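Working notes, beginning with the structure itself.
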Amino acid sequence: MNIEKNINLSEYTTIKLGGNAKYFVKCENTAELKRAFEYAKQNSLQTFILGGGSNIVFPDSGFNGLIIKTSGNEIKIISESNESAEVFVSAGTEWDKFVEWSVESGFTGIECLSGIPGCTGAVPIQNVGAYGQEVSSTITKLHTTDKTTLEEKFFNNTECNFDYRQSIFKGDLKDKYIITGVEFELSKIKEVNFKYPDLKREIEQSEDFKNISSRTGKLKYIRNKVIEIRKRKGMVVDEADSDSISCGSFFTNPVISYEDYKDRLKRFPEFRLINSFSAKGGIKLSAAKLIEVSGFGRGYEENGAGISTKHSLALINKGGSSTALIRLAQKIQTAVYNKFDITIQIEPIVA
Ligand SMILES: Cc1cc2nc3c(=O)[nH]c(=O)nc-3n(C[C@H](O)[C@H](O)[C@H](O)COP(=O)(O)OP(=O)(O)OC[C@H]3O[C@@H](n4cnc5c(N)ncnc54)[C@H](O)[C@@H]3O)c2cc1C
């Protein structure tokens, strides 16, 4: 185990923010992860598990403990039938490498989750979703280790309490378990998915897609299309695109009851401008639109923190600090609250 000292966390996060970690170690498998936690216990160090650093804002003061970074690459078919494949993926495996592998294998279920940065161990935490798919619909089992006892524990899908950008690991069991691996059930027979409006429109217009007959060919086309759309929105990490120095969406879309929806329509004339969709628990509102109508447009910037020029939901680092970014986020939250009496929640983890 190679424990490094004084490692700059901004180099390990997609938003390129955060001070130094006092100690830092990379772990490829469950045994290494356990050893790192044992070391932390023996030396009374606080710990933080880091995947790809794409959904985290570390403070400018850094982390006064041991950062345990998952790494490695393991994708293994556990069982297979004519209809489906059960696949184990280790926590440190890059998520998009697994999506690519699944598409190349002709398996459906995660193709619309192409281009999302980070590691596979983190995808259950906020039930990663995009373009009409959520990872929870394919997860069958989580392999975890209790951070305190270092005992192994498995969670089935129901036990994870998945919801929109939520799971038990963001709620009651926050920071209690290390996810060491994830099992997925991928389909060999289900139709490829492109029901999400933006994606559907572009795919239905495409003559190329109509001419593709093979399942893998269609899956590859959808994956490429998703990545193309995401790039246009600055939602693929790309050194050449300063709008992608972000954590992706910085706020979740709020869900309010139908009564609250009618109430806001009555109280605030501009509420009509906010796109809304029916969702579990009521009406889901576009956080991007709430932000824009509350006075924070694309390209807004203050103290080196800003809003992407391509997507008003993505806060970006323009050479500022975590403090400036969080201040901007809070300013946006206050503006939306003052304008519409609605609280928008921050999506990334603020450590
Ligand atoms: C450009 C861009 C686009 C994005 N697009 C999307 C999108 O479309 N949909 C979406 O849902 N998200 C999106 N995200 C957010 C992010 O990519 C996902 O949430 C991703 O799953 C985070 O993975 P990570 O490995 O980077 O996690 P990290 O940022 O490293 O960690 C996030 C949290 O998970 C915890 N964690 C990480 N690994 C483990 C583990 N093995 N065990 C226990 N806890 C762990 C960490 O402690 C931390 O609390 C985007 C981000 C960016 C930068």
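Hull volume per residue, based on the alpha-carbon atoms of the range 96-217 and their convex hull, is 105 Å³.
Backbone geometry of the range 317-327 corresponds, through the Karplus equation with coefficients 6.51, -1.76 and 1.60 at θ = phi - 60°, to 3J(HN,Hα) couplings of 8, 10, x, x, 9, 4, 4, 5, 5, 5, 4 Hz, x marking Gly and Pro. Just to be sure I understand: of the beta bridges DSSP finds with both ends in the chain, what percent are antiparallel, rounded to 5? Approximately 80 percent, going by the DSSP bridge assignments.
Summary value for the chain: 15 percent relative contact order, contacts being C-alpha pairs under 8 angstrom separated by 6+ residues.
Summary of packing: across the peptides 99-107, 338-346, 277-285, the per-residue average of other C-beta atoms within 10 Å ranks them, highest first, as 99-107, 338-346, 277-285.
Using helices alone, what [θ] at 222 nm do you get for the chain, with -39,500 (n - 2.57) per DSSP H run of 4 or more residues, divided over all residues and rounded to the nearest 500?
-7500 deg cm²/dmol
Looking at the range 128-207, which GluC sites (Glu not before Pro) are DSSP coil and have at most 11 other C-beta atoms within 10 Å of their C-beta?
Answer by residue number: 151, 191.
Averaged over residues, the count of other Cβ atoms within 10 Å places the peptides 118-128, 236-246, 7-17 in the sequence 118-128, 7-17, 236-246, highest first. Put simply, the Cα atoms of the chain extend 59, 53, 41 Å along their principal axes, the longest span coming first.
Compute the Cα gyration tensor for the range 243-350, then decide on rounded, prolate or oblate, letting a ≥ b ≥ c be the square roots of its eigenvalues: rounded whenever a/c is under 1.5, prolate when a/b is larger than b/c in the other cases, and oblate in all that remain. Prolate is the answer for the range 243-350, as a/c is 1.5 or above and a/b outweighs b/c.
When each of the peptides 306-318, 67-79, 256-268 is scored by how many other beta carbons lie within 10 Å of its residues on average, the order from highest to lowest is 306-318, 67-79, 256-268.
Solvent-accessible surface of the chain, averaged per residue with a 1.4 angstrom probe and all protein chains in place: 47 square angstrom. Residue-wise HN-Hα couplings along the range 337-347, as the Karplus relation 6.51 cos²θ - 1.76 cosθ + 1.60 with θ = phi - 60° gives them from phi, are 5, 5, 7, 10, 6, 10, 9, 9, 9, 6, 7 Hz; Gly and Pro carry x. Classify the range 4-70 as rounded, prolate or oblate, taking a ≥ b ≥ c as the square roots of the eigenvalues of its Cα gyration tensor: rounded when a/c is under 1.5, otherwise prolate if a/b is larger than b/c and oblate if not. The shape class here is oblate.
The values are calculated or read from the model by the stated rules, or taken from the named source; none is laboratory data. Predicted model, so just to flag it, every value in this text is computed and none were measured. Heads up, the Cβs are rebuilt from the backbone with ideal geometry, glycines too, and the neighbour counts pull from every protein chain shown. Just the protein is used for accessible areas: all its heavy atoms, side chains included, with ligands, DNA and RNA removed. Shrake-Rupley method; radii C 1.70, N 1.55, O 1.52, S 1.80 Å.
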